Amino acid sequence: MASSLLTKTMKSNQTMMYAIGVLIVASILMVVLLKKDPDKSAEPGSVTAQSSVANSTSSGVKASADETSQAASTRARKRPTSATADLEAEYGKARVALSRQVSSNVIGIMEDAVQMGEIMNTTQGAGFGGGLGGALGRLNGELQLTKDQRSKANSIYREYMQRKNEYSKAAVARMNNDPRSLMKLALASDSNARGEMTDAEYKMVQSEVSGDLTGIINPLDRKNFGGGSPLRDPQFVSDLRNLLDSEQAGKLDAAMAQRQSDASSDPNMPPGVEEGNIAGLQKMELEQLDKSIESARKVTTGIKSMMEGMGGLRDMMPSMLQGGQ
């Protein structure tokens, strides 16, 4: 018994010594490899490395992985600076940083709006925002749609919401990739509010950035929320008109003419800027704009959470009713 135990112990010790020996050899090899001339080693996995193995006579400058990583890090640090260098030179780094924060919150509001639109376009969310009736406003009562007309109008309204959401998603992706136009607008608005830029100069900036800001709503314009603004969508208006009789179509045309008159008579709306677009942002100092946009984002985030919660409750309602019976 004792002899067997001694034999097992000796074998265990031999195994341990063998493992230690392997680790020592591996450590020596590691030191030898690290001491090799770095100029003779190629970047792992690169075409140059493969070429160097295949032909020892080939030569060239080969950067180490650390050098490559450091260069990439340097480029990443320089990119935002160079991208906003002109804005920093004109407005200062501090205000450019604040304008970036404002832009980030605007994009966040747009993302919330997209998600709310998706909820509203489902059966569970059909009642949020007032639906078609809320979106049409006073015109809804004036048209006096029949049951069949309303059913078809609801269908084209859902199609409008789908188009709007896809449009907004593309706009958000564009701004996430390059928010400079948003930042420039916020900075110009601030400069105008502080008397450093004339109203005419600010309108020029608004018109200049309006193309880049297509699809980005003004979160401080209450008309942009609720059931959306389908009467701003030519396709929706055309589809709706096709459902109406001559008397109803006349009321629709009158409402559209009034909307166009109101928009053209707005002295604060710069040329070429779409109604409800953020390019029509009123002048406001950055600090106040930052607070206003942040507050608007809290509201949209809260409404989105409420809509998600209400949708969940509606899904649970049938089982809750069955449980109460």
Worksheet item: Which ones in the stretch 287-312 are under 23 Å from Val102 (Cβ atoms), among the aliphatic types (A, V, I, L, M) and in contact (Cβ under 8 Å) with a residue 12 or more places away in the chain?
Response: Leu289, Ile293, Ala296, Ile303
Worksheet item: For the subset of the stretch 137-178 comprising residues that are over 23 Å from Gln258 (Cα atoms), assigned to a helix (DSSP H, G or I) and of a type in the set (Asp, Glu), which member is farthest from the chain's Cα centre (by Cα)?
Response: Asp148
Practice prompt. Considering every residue within the stretch 66-82, establish whether at least one is modelled with pLDDT of 60 or more and surrounded by 12 or more Cβ atoms within 10 Å (Cβ to Cβ).
Written response: no
Item to complete: Hey, can you tell me all the residues within the stretch 162-192 that are among the acidic types (Asp, Glu) and either crowded, with 16+ Cβ neighbours inside 10 Å or more than 21 Å from Ser99 (Cα to Cα) (or both)?
Response: Glu166, Asp190
Practice prompt. Report the residue count in the stretch 286-307 for those that are out of contact with any Pro (no Cβ under 9 Å at 6 or more places or on another chain), surrounded by 14 or more Cβ atoms within 10 Å (Cβ to Cβ) and of a type outside the set (A, V, I, L, M, F, W, C).
Written response: 4
Worksheet item: Name the pairs whose Cβ atoms lie under 7 Å apart, with the first residue in the stretch 184-200 and without any contact (Cβ under 8 Å) to a residue 60 or more places away in the chain, the second among the aromatic types (Phe, Trp, Tyr), and 6 or more positions between them or separate chains?
Response: Ala188/Tyr202
Practice prompt. Could you give me the residue pairs with C-beta distances under 7 Å whose first residue belongs to the stretch 252-273 and is more than 20 Å from Val237 (Cα to Cα), whose second residue is modelled with pLDDT under 80 and surrounded by 12 or more Cβ atoms within 10 Å (Cβ to Cβ) wherever it lies, and which are 6+ apart or on separate chains?
Written response: Met269/Ala263
Worksheet item: What residue, among those in the stretch 193-228 that are more than 30 Å from Lys304 (Cβ to Cβ) and hydroxyl-bearing (Ser, Thr, Tyr), is surrounded by the fewest Cβ atoms within 10 Å (Cβ to Cβ)?
Response: Thr198
Worksheet item: Quick check, is Leu132 crowded, with 18+ Cβ neighbours inside 10 Å, modelled with pLDDT of 55 or more and not in a helix (DSSP H, G or I)?
Response: no
Fill in: Considering residues of the stretch 205-257 that are of a type in the set (S, T, N, Q) and within 20 Å of Ala153 (Cβ to Cβ) only, the residue modelled with the lowest pLDDT
Ser229
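The values are calculated or read from the model by the stated rules, or taken from the named source; none is laboratory data. Treat the numbers as computed from the prediction; the structure is a model and nothing was measured. All Cβ positions, glycine included, derive from the backbone under ideal geometry; neighbour counts span all protein chains shown.
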